[in-house]
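The values are calculated or read from the model by the stated rules, or taken from the named source; none is laboratory data. All of these numbers come straight from a predicted model, not from anything done at the bench. Positions of Cβ are backbone-derived with ideal geometry, glycine not excepted, and every protein chain shown enters the neighbour counts.
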Amino acid sequence: MSYTVSGNRMKFTAISDGSFALDGGLMYGIVPKVFWRKWHEVDDLNRIRLGMWCLVCEHPDGLIVVDTGCGDKLSEKQAKIFDLARPQGDMLSCFKAQGFNPEDVRAVVLSHLHFDHSGGVTRMDDEGSYQLQFPNASVYTTRTEYKDAVDINERTRGSYFPNTLKGYEPGTRAYLLEEEKEILPGVHLMPAPGHTRGHQIVLFDDGEFKLAYWGDLIPMSTFSYVPYIAAIDNYPMETLAQKKALLSRAKAEGWHQFFCHNMNNPFGGPPE
């Protein structure tokens, strides 16, 4: 399954890496279950399902991939814990099914380096070595995010997996940003900390058509309501500040939106 929208010069396709299950209270934090359960089916472990949507932009200067799903980074035990489901295949197979070639990807943007967003940037071969999933692409993340993904601690080890960017080390194919940057015409990477210290969003500015890839700043369309902030956000008050500022701008400028953890269509129109 895929969804597509078009701007003036850019075309955007949502590519699925399947879905996984996470505790509903962990996602919705202080929001009572009586409110969020109307949007989600809840299993006997109090889990809700989250989609893993990645975004492909057909840009005049080449293909851009934003986030890559979890790839092959989950162990059998972890896949069971998260109830990983891929009825239509993983991100790469869905990517190829849309007629895209991994060798044509010019840039891979990672909103952050949690396993469900960065795991598919590399793959492990039969010999146990890491291979580049998109061999001709440069990878963009933030310096802060890379540091936190390397210096894993007791709180973050369940979210960051070792060797996530193996083969994309800084100084080779990885670019570590410290501020907002336009990496290609109309492709703006913008710091948006809160979920993690180094989280970033992507704003595609295609003239009259603008599209925001929110990452885990606004993981699902239900989180467009400013006070809805996940309990797993490391800096919730920073998330709050970022959402207030960016949603206000999105509404004023008519940004279309991409919600990477929606179960169904991840594309949404401008905020109301």
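Do the conditions hold for E238, that is, is it of a type in the set (D, E), touching a strand residue (DSSP E or B) at 6+ places or on another chain (Cβ under 6 Å) and not in a loop (DSSP other than H, G, I, E, B)? For E238, the condition - of a type in the set (D, E), touching a strand residue (DSSP E or B) at 6+ places or on another chain (Cβ under 6 Å) and not in a loop (DSSP other than H, G, I, E, B) - is not met. Annotation note: Cβ proximity below 7 Å between a residue of the range 115-138 that is under 14 Å from D104 (Cβ atoms) and a residue that is among the aromatic types (F, W, Y) and surrounded by fewer than 23 Cβ atoms within 10 Å (Cβ to Cβ) (sequence gap 6+ or interchain) occurs for S138/Y175. Looking only at the range 61-97, which residues are of a type in the set (F, W, Y) and within 16 Å of V108 (Cβ to Cβ)? F95 - this is the single residue of the range 61-97 that is of a type in the set (F, W, Y) and within 16 Å of V108 (Cβ to Cβ).
Per-residue answers, yes or no, for (1) over 24 Å from W53 (Cβ atoms); (2) among the hydrophobic types (A, V, I, L, M, F, W, C); (3) touching a residue at least 40 places away in the same chain (Cβ under 8 Å); (4) buried (at least 23 other Cβ atoms within 10 Å of the Cβ):
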residue	(1), (2), (3), (4)
L110	no, yes, yes, yes
S159	no, no, yes, no
L189	no, yes, yes, yes
H195	no, no, yes, yes
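Over 23 Å from I64 (Cα atoms), charged (D, E, K, R), more than 17 Å from the chain's Cα centre (by Cα) and in a loop (DSSP other than H, G, I, E, B) - does that describe any residue in the range 199-212? No, because not a single residue in the range 199-212 is over 23 Å from I64 (Cα atoms), charged (D, E, K, R), more than 17 Å from the chain's Cα centre (by Cα) and in a loop (DSSP other than H, G, I, E, B).
Every condition in (1) in contact with a helix residue (DSSP H, G or I) (Cβ under 7 Å, 6 or more places away or on another chain); (2) part of a loop (DSSP other than H, G, I, E, B) is met by G120 except one, and the failing one is (2).
If you go through the range 132-152 and keep only what is part of a helix (DSSP H, G or I) and surrounded by fewer than 17 Cβ atoms within 10 Å (Cβ to Cβ), you end up with R143, K147, V150. In the range 43-92, how many are modelled with pLDDT of 95 or more, under 14 Å from V121 (Cα atoms) and charged (D, E, K, R)? The number of residues fulfilling the criteria is 2. Checked against (1) in contact (Cβ under 8 Å) with a residue 40 or more places away in the chain; (2) buried (at least 18 other Cβ atoms within 10 Å of the Cβ), A174 passes all but condition (1). Look at (1) free of Cβ contacts under 8 Å to residues at least 12 places away in the same chain; (2) closer than 17 Å to I64 by Cα and you find that E180 fails only one, number (2). Can L22 be described as closer than 17 Å to D83 by Cα and not β-branched (V, I, T)? Yes: the conditions hold for L22. Taking the range 128-186 as the region of interest, how many residues are over 24 Å from P60 (Cβ atoms), of a type in the set (V, I, T) and touching a Phe, Trp or Tyr at 6+ places or on another chain (Cβ under 6 Å)? The number of residues fulfilling the criteria is 1. Filtering L26, L55, L45, L84 for residues that are loosely packed, with under 14 Cβ neighbours inside 10 Å, touching a strand residue (DSSP E or B) at 6+ places or on another chain (Cβ under 8 Å), within 21 Å of D116 (Cα to Cα) and not small (G, A, S) leaves a single hit, L45.
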